[in-house]
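The values are calculated or read from the model by the stated rules, or taken from the named source; none is laboratory data. No experiment lies behind these values; they were computed from the predicted model shown. Neighbour counts run over all protein chains shown; Cβ positions are idealised from the backbone, glycine included. Heavy atoms of the whole protein, side chains included, go into the accessibility calculation; ligands, DNA and RNA do not. Shrake-Rupley method; radii C 1.70, N 1.55, O 1.52, S 1.80 Å.
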Amino acid sequence: MKVISRTNVGMVRENNEDACLVRPPYLFAVADGMGGYAAGEIASRACIKSLQATTHELRLGFEGDASDILREAVLRANDHVFKMAISNEAYSGMGTTLTAVYIQKDNTAYAAHIGDSRLYLFRHETLMQVTRDHTYVSQLLADKLISHEEAKQHPKRHLLMRALGVEEKIDFDIIPFTVEAGDRLLLCTDGLSDMLTDMEIGELMLGQDLDQVGDALIEKALDNGGRDNVTLVLVEITAGEEVAVDVPISE
């Protein structure tokens, strides 16, 4: 397994409200905070730290499968961020997206997802979006009330219907899937997915070197406008190799 992470503040924003988690070989996540100056940054990082700590704790003695561990970790992260938001007026209304992947030894994987960050699976030169955006426009698309072209220009395309830490109880997705040698997983915030089409992402994912792929994705997002913070985690599933990982930006 090889893993790299990248982040960039973008061309418009002054601060970076994204965070990510890289804990090979089993746990990876990205989060995109919201809630005004500084609060979004606090929310995303608090979420990531809670997810990391809780998942580690549960793995040591939790009687359940990986999906149960991940679900409980997300619930505790929501509780942590929500309590921070209601206990400090400066953090009122803050929240964050979260897209996380937990990979078991048998190559069974689970994604936990809330918001509009994304998980893509790149297999046999084909890009597939594993998660579904929890946005107003995504629901309109699902209900076939607008076209994909209309969605790209819709004035409420960034309106989230779900986020972590905003409410005491949350509804989020747990998505089971499998990974195999040769797969590449891309976890990214909407600063990347809003700036690139799926075709552009797929073409760049064809690159041979994972570091170069990560750099190229960030560079393309900036070239296309870079209107938001851009963060990604790339995971390449390999057989019989040592894990290689760069320094995670969440620390």
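Here the condition is being over 25 Å from T238 (Cβ atoms), out of contact with any Phe, Trp or Tyr (no Cβ under 7 Å at 6 or more places or on another chain), of a type in the set (A, V, I, L, M) and open to solvent by less than 10 Å² (accessible area, probe 1.4 Å); of L192, L145, L160, L164, it holds for L164 alone.
Among the residues making up the range 1-15, those that are open to solvent by 30 Å² or more (accessible area, probe 1.4 Å) and either under 21 Å from S193 (Cβ atoms) or among the aromatic types (F, W, Y) (or both) are R6, T7, N8, V9, M11, V12, R13, N15. Of the residues making up the range 114-130, at least one is at pLDDT 95 or above, surrounded by fewer than 21 Cβ atoms within 10 Å (Cβ to Cβ) and of a type in the set (V, I, T). Counting only residues that are more than 16 Å from the chain's Cα centre (by Cα) and crowded, with 24+ Cβ neighbours inside 10 Å, the range 18-56 holds 2 of them. Those strands (runs of 3 or more DSSP E) of the range 60-167 in which at least 3 residues are in contact with a His (Cβ under 8 Å, 6 or more places away or on another chain), considering only elements entirely within it, cover 98-103.
Against the conditions (1) crowded, with 19+ Cβ neighbours inside 10 Å; (2) within 14 Å of R6 (Cβ to Cβ); (3) of a type outside the set (D, E, K, R); (4) modelled with pLDDT of 95 or more, L210 satisfies every one except (1). Name, by its number, the condition in (1) within 30 Å of N88 (Cβ to Cβ); (2) under 15 Å from the mean Cα position of the chain (by Cα) that does not hold for G165. Going through the list (1) within 30 Å of N88 (Cβ to Cβ); (2) under 15 Å from the mean Cα position of the chain (by Cα), G165 breaks only (2).
The number of residues in the range 218-233 being open to solvent by less than 40 Å² (accessible area, probe 1.4 Å) and touching an Asp or Glu at 6+ places or on another chain (Cβ under 9 Å) comes to 6. For first residues located in the range 43-70 and under 15 Å from L164 (Cβ atoms), partners that are among the aromatic types (F, W, Y) and lie 6+ apart or on another chain with Cβ distances below 6 Å form the pairs L70/Y102; L70/Y110. Close Cβ contacts (under 6 Å, 6 or more residues apart or on different chains) running from residues in the range 135-148 that are under 19 Å from D171 (Cα atoms) to residues that are part of a helix (DSSP H, G or I) comprise V137/A151.
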